[in-house]
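Following: one structure in structure tokens, then a few remarks.
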Amino acid sequence: PQESEIPIDIHTLKLQDWLVSRRIVPKNVQQEIRDIHSKISNALQDMPSNDQLIKLLAKSNINYYHVKEIIEILKQTEKDTKSVFGTYGSQRMKDWQEISRLYEKNATYLAETAQIFARNVNYEIPGVRKQMTKLEQQTDECQKRAHDLNKPEAQLLAEHAALLEQLGVKGDNLHAEFLEVLGGLPELYAKSLKGVAAIQPSLDLYAEVSGHKQSLPILRHLVEFGNTTVYQYIHKEAPLAVEEPAITLNLSEDLAPKNEGANEIDFGAIDFGTDDNGGTSSTVSAEIIDYGDLQETDGAAIDWGIESAPTDAVEINFDIPVEEYGIVVEGTGMDGGTAKGDQAYTLLDSPSYRDRFLDEIYELESFLRLRLYELKHLESSSDIMFSLMDNIATHDTESIVKMLGSVEKIIQQSSDEQTRHLFQLKHSPKYANLLASKLQQMTKAVEKLRANREALKRRSVDLREQRQQLNPVLEELLAQTRALQAHIEKDISKRYKNRVVNLMGGVN
């Protein structure tokens, strides 16, 4: 083929070196470009008011082709200064024509055009595309994180609802609701002892094996009398009256209603002490005190060593209620007295006696499990094991399993989550605040998750808008780069007898 038909292929990365090596542009072209840019800055200080110029000068980088457009516009605005010889008297026109001449000298314009083209292809366009990709990834990540917050929110709401359900409250007014549900504790205790009579055979077996007929006394009392007061357990008779200590709910100021329960006394912080009978020291049993036989005497025959007072003196009232001094005078026999303090609680409601009840029921369970293990391994047992088995020869595996089932049922009923919460709520002044704080923390955590999710959604929308705003930027860069590529290919083609020039690695 002829030389004019052979295309010229130039890679974008080597374009500037190619122009220098072909001596189309000089090596020190950078200094000339800086001088031209300086003159452009000065010329921009004095420009006529023209819409086309304003739009053109809005571009950040003015190159040779913009200069040619500016000159064409100035031909219209400065036409009054044109002489018959075709020259212009306007300094503006002279400045821009000088800039154009400097650009064309040594093909400086081609060197600058090649630089802008290479920078756009290698940096500007990839940078914008990379930023667009990053914004898309951040948008997707925000949407994913917002969606992922649904799971912990649902979990917190479920835990919050479960705790409220366990406590039996709605959470609107915790102080009032706590006091209300505490009134249902006796019913819960009754439910926990449902079928307690079924453990009687287990108690009998335990007593038979241990040799102690009065073993596990609390369980025996519960089976025979039910969940009575501690007073009745100690004194073997029911009290005439029961005065439980006031319930104190130490809710924080931001959790408790104002002016409610301010005058209540926290009895949980006072140690009444205990006497030898397990009762409080403020309770005096009439059965223990021996008053002896009191003989009625004539008070007038006794010389008290006190002068007789005038008859008009102030009358002294000796009828002072002993209750004011914490003294409880009990009746005798089956009449009973007043149960106060810890003795006013029922066995399952008293902190100390409830612990003893749990100790006994778990001890009974362990005993039955051991007996069951012995029965199952009877054949391989030692002589000592046979001696232990003598006491339970009348019980087989089936009967022990049945006993164990009855005991485990009571344990399961007594370990109810609501009962545990309400028991702690009643006897631990700080527990109410702990529960209320936990509920409040859950609510605040849900609110925070929702706020974060909304913030992520807003952020996602903002990122998507930023991504959309880059579309025209990229389009403008691509259009500019295509135009520069066309100018370069056309200019080089003219210099080489109109041969086809292909810039490799450019934009399509």
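So what does log10 I(q)/I(0) come out to for region 127-221 at q = 0.15, 0.16 Å⁻¹, using the Debye formula with one equal point on every Cα and no solvent?
With one equal scatterer per Cα and no solvent, log10 I(q)/I(0) is -0.84, -0.86.
At 7 Å along Cα-to-Cβ for each site, give me the label-to-label distance between D396 and N150 in nm.
Label at D396, label at N150, 5.9 nm between them.
Plugging the Kirkwood radius over Cα pairs into Stokes-Einstein for region 447-508, at a temperature of 20 °C and a viscosity of 1.002 mPa s, what D comes out in µm²/s?
Stokes-Einstein gives a translational diffusion coefficient of 141 µm²/s.
So, in nm, how far is label R129 from label K213 when the simple model puts each one 7 Å beyond its Cα toward the Cβ?
9.9 nm
Compute the Rg to Rh ratio over region 209-248 from the alpha carbon atoms, using the Kirkwood formula for Rh, and round to two decimal places.
Looking at region 209-248, the ratio lands at 1.12.
Filter the chymotrypsin sites (Phe, Trp or Tyr not before Pro) in region 200-232 to those in DSSP coil with at most 11 other Cβ atoms within 10 Å of their Cβ, and list the result.
Nothing satisfies the criteria.
Students often get this wrong: which residues of region 164-186 have the backbone nitrogen under 18 Å from the point 7 angstrom along Cα-to-C-beta of S437?
Residues 174-175 qualify, since their backbone N sits under 18 Å from the label point.
What's the whole-number percent of alpha carbon pairs in region 402-508 lying beyond 19 angstrom?
Numbers: 4277 of 5671 pairs.
Roughly 75 percent, once rounded to a whole number.
Rounded, prolate or oblate: which fits region 1-151 when a ≥ b ≥ c are the square roots of the eigenvalues of the alpha-carbon gyration tensor, with rounded for a/c under 1.5 and prolate only if a/b beats b/c?
oblate
With a 1.4 Å probe and all protein chains left in place, how much accessible area per residue does region 14-63 have, in Å²?
Using a 1.4 Å probe on heavy atoms only, each residue of region 14-63 averages 70 Å².
Report the gain in length on full extension from E374 to Q469: 0.36 nm times residue separation, minus Cα-Cα distance, nm rounded to one decimal.
The E374-Q469 span can extend by a further 26.0 nm.
The values are calculated or read from the model by the stated rules, or taken from the named source; none is laboratory data. None of these values were measured; they are calculated from a predicted model. Please note: Cβ atoms are built from the backbone with ideal geometry, for glycine as well, and neighbour counts cover all protein chains shown. Calculation scope for accessible area: heavy atoms of the full protein, side chains included, ligands and nucleic acids excluded. Shrake-Rupley method; radii C 1.70, N 1.55, O 1.52, S 1.80 Å.
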